[in-house]
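Shown next, in structure tokens, is the structure this report addresses.
The values are calculated or read from the model by the stated rules, or taken from the named source; none is laboratory data. The model shown is predicted, which means the values in this text are computed figures rather than measured ones. We place every Cβ from the backbone using ideal geometry, glycine too, and count neighbours over all the protein chains shown. The protein model used for the area step is the full one, side chains on, heavy atoms only, and it has no ligands, DNA or RNA in it. Shrake-Rupley method; radii C 1.70, N 1.55, O 1.52, S 1.80 Å.
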Amino acid sequence: MTTHELDKLDKAILNILQENAALPLAEIAERVHSSPATCQRRIRQLQDSGVILKQVALVSPTAVGRSLSVFIAVEMASQNHQMLDRFVHSLTAEPDVVCCYEISGDHDYMLLVHARDMADYHRLTRRIFTADNNVRAFKSQFVMDFNKVETKITL
């Protein structure tokens, strides 16, 4: 990923896209007082430089049958780079794992999981924590309510 210096137009476009990435290009251009061609070129540059990672829809987990959401703090047994990479790679095959952060402190990773139910979650823990994945311990914290769910970084 290359470094991309954001100017006022880039920031305005990014703020709009973070609110609604499905807006027509003409409306984005009108809101930022620029032409559609300029906005399209800027969006492509932001994508190419890695500023825009992807454009997605935020989906309510409960509305699609994922009634159990869990934050999981994971402590690894070894800090061997290959073993850590293997663990992270194993998570890519788990569709219920929606976030994986490498963190500092007492734990090595923080995961966010949206499972259908406790039985589903239990099977997931057996696959990724008790299999040969270098996990020493994990702690589950169950989400009681979603008070704020946001991905926007206001610029």
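Carbon and sulfur: what percent of region 31-151's accessible surface (1.4 Å probe)?
52 percent
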Item checked: Residue-by-residue Karplus 3J(HN,Hα) for region 98-104, coefficients 6.51, -1.76, 1.60, Hz, glycine and proline x -> 9, 9, 9, 10, 7, 10, 9
Next item on the list: Just grab the label-to-label distance for Val56 and Lys139, each label 7 Å out from Cα along the Cβ direction, in nm (one decimal).
Entry: 2.6 nm
Check: Got a sec to turn the phi values of region 141-153 into Karplus ³J(HN,Hα) couplings, 6.51 cos²θ - 1.76 cosθ + 1.60 with θ = phi - 60°, whole Hz, x for Gly and Pro?
Finding: 10, 8, 6, 8, 7, 9, 8, 8, 10, 8, 10, 5, 10
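Which value, in Å², gives the accessible area per residue of the chain when a 1.4 Å probe is used on the protein heavy atoms?
Values: 10380 Å² over 155 residues.
Using a 1.4 Å probe on heavy atoms only, each residue of the chain averages 67 Å².
On a 1.4 Å probe surface of the protein chains, which of Met110, Met144 comes out largest in accessible area, and what is the full order? Mind showing how you got there, number by number?
On the way: Met110 60, Met144 180 Å².
Largest to smallest exposure gives the sequence Met144, Met110.
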Item checked: In region 1-98, the trypsin sites (Lys or Arg not before Pro) that fall in loop regions by DSSP, at most 16 other Cβ within 10 Å -> Lys54
Margin query: Just checking my list [x] 1.10; [y] 1.30; [z] 1.65 against Cα Rg over 2.2 N^0.38 Å computed from this structure; which label fits?
Written below: [y]
Next item on the list: Pop the C-beta distance of Met110 and Leu6 into the FRET formula with R0 = 25 Å and round what comes out to the nearest 0.05.
Entry: 0.35
Next item on the list: Please list 111-117, 47-53 highest first by mean number of surrounding beta-carbon atoms within 10 Å per residue.
Entry: 111-117, 47-53
Item checked: Whether region 48-128 is rounded, prolate or oblate, judged on the alpha carbon gyration tensor where a/c under 1.5 counts as rounded -> oblate
Next item on the list: On a C-alpha basis, how far is the centre of region 60-89 from the centre of region 21-47 in Å? Whole number, if you could?
Entry: 36 Å
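Exactly which GluC sites (Glu not before Pro) in region 1-81 are in a DSSP loop and have at most 14 other Cβ atoms within 10 Å? All intermediate terms of the calculation are to be shown ahead of the outcome.
Working: sites: Glu5, Glu19, Glu27, Glu30, Glu75; in loops: Glu5.
Within region 1-81, the qualifying GluC sites (Glu not before Pro) (loop, at most 14 other Cβ atoms within 10 Å) are Glu5.
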Next item on the list: Report the chymotrypsin sites (Phe, Trp or Tyr not before Pro) located in region 110-155 that are in a DSSP loop and have at most 10 other Cβ atoms inside 10 Å of their Cβ, or state none.
Entry: Phe146
Note to self: Pairs of alpha-carbon atoms within less than 8 angstrom and 6+ residues apart define the contacts here; what relative contact order does the chain have, in percent?
What the structure shows: 28 percent
